[in-house]
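Asks: One structure, pasted below without further comment.
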Amino acid sequence: MTPNDIHVESARIQKGIEDHLGIDGSLIFDYSQEGTTIKLNLITVNPRHNQSFLFHTEHGTDKLDALKKMFEYVKNYRERDSSYTIQWVSKEKEGQRELQTSYFRARNMYEALDKLYFGRELNSITVYSVVMNPSA
């Protein structure tokens, strides 16, 4: 595959992920090198309160491999992970101490909290409740 083909394929897969999630323009594909593998953090940005959260992390042999694995996860995550509702308040913005509600898919409560706190200091958010939602 030529570099141009890789870029075109990457763009196609990223668009597929956005379409499948129904999140247009509010996703960040964050790549980093971890030893001999590429780590892809898929981050969502909530336009209502302008906060970003980790959606999922995948590892691959290269960026395209990690992206393909992410797309496979996105296609099946509702069947694999439980749904959680977390109510929280940000301590970062003075005067904006409004209770926020965010929803996460995770294997357990701790993973849901890790997704909430991703890229933040632990004391930057106060969590008021974590509830596992009933499965339909």
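The values are calculated or read from the model by the stated rules, or taken from the named source; none is laboratory data. The structure displayed is predicted, hence computed values, not measured ones. Backbone-built Cβ (ideal geometry, glycine too); neighbour counts: all protein chains shown.
Asks: Tell me which residues, restricted to the range 3-52, are of a type in the set (D, E, K, R), under 29 Å from Gln87 (Cα atoms) and out of contact with any Gly (no Cβ under 8 Å at 6 or more places or on another chain). Full working, then the answer.
Replies: Within the range 3-52, the subset of a type in the set (D, E, K, R) is 5, 9, 12, 15, 18-19, 24, 30, 34, 39, 48.
Add one more test, that the residue is under 29 Å from Gln87 (Cα atoms), and what stays is 18-19, 24, 30, 39, 48.
Asp19, Asp24, Asp30, Lys39, Arg48, listed by residue number.
Asks: Specify which of the listed residues (Glu72, Glu121) is surrounded by fewer than 17 Cβ atoms within 10 Å (Cβ to Cβ) and either in contact with a strand residue (DSSP E or B) (Cβ under 8 Å, 6 or more places away or on another chain) or farther than 26 Å from Ala11 by Cβ (or both). Break it down stepwise before answering.
Replies: Numbers: Glu72 fails: either in contact with a strand residue (DSSP E or B) (Cβ under 8 Å, 6 or more places away or on another chain) or farther than 26 Å from Ala11 by Cβ (or both).
Testing whether each residue is surrounded by fewer than 17 Cβ atoms within 10 Å (Cβ to Cβ) and either in contact with a strand residue (DSSP E or B) (Cβ under 8 Å, 6 or more places away or on another chain) or farther than 26 Å from Ala11 by Cβ (or both) leaves just Glu121.
Asks: So which residues in the range 49-88 are within 19 Å of Tyr117 (Cβ to Cβ) and not hydrophobic (A, V, I, L, M, F, W, C)? I'd like the intermediate steps shown before the answer.
Replies: Step one: filter the range 49-88 for residues within 19 Å of Tyr117 (Cβ to Cβ), giving 49-57, 81-88.
Of everything in the range 49-88, those that are within 19 Å of Tyr117 (Cβ to Cβ) and not hydrophobic (A, V, I, L, M, F, W, C) turn out to be His49, Asn50, Gln51, Ser52, His56, Thr57, Asp81, Ser82, Ser83, Tyr84, Thr85, Gln87.
Asks: Right, next: If you go through the range 94-114, how many residues are in contact with a Ser or Thr (Cβ under 9 Å, 6 or more places away or on another chain) and either basic (Lys, Arg) or on the phi > 0 side of the Ramachandran plot (or both)?
Replies: Qualifying residue count, the range 94-114: 3.
Asks: Right, next: For the range 37-51, give me each residue that is at pLDDT 95 or above and either surrounded by fewer than 17 Cβ atoms within 10 Å (Cβ to Cβ) or not assigned by TED's automatic domain parsing to the domain that holds Ala11 (or both).
Replies: Passing the criteria: Thr37, Lys39.
Asks: Does the range 19-35 hold any residues that are without any contact (Cβ under 8 Å) to a residue 24 or more places away in the chain, exposed (fewer than 15 other Cβ atoms within 10 Å of the Cβ) and under 14 Å from Asn46 (Cα atoms), and which are they?
Replies: Gly22, Asp24, Gly25, Ser26
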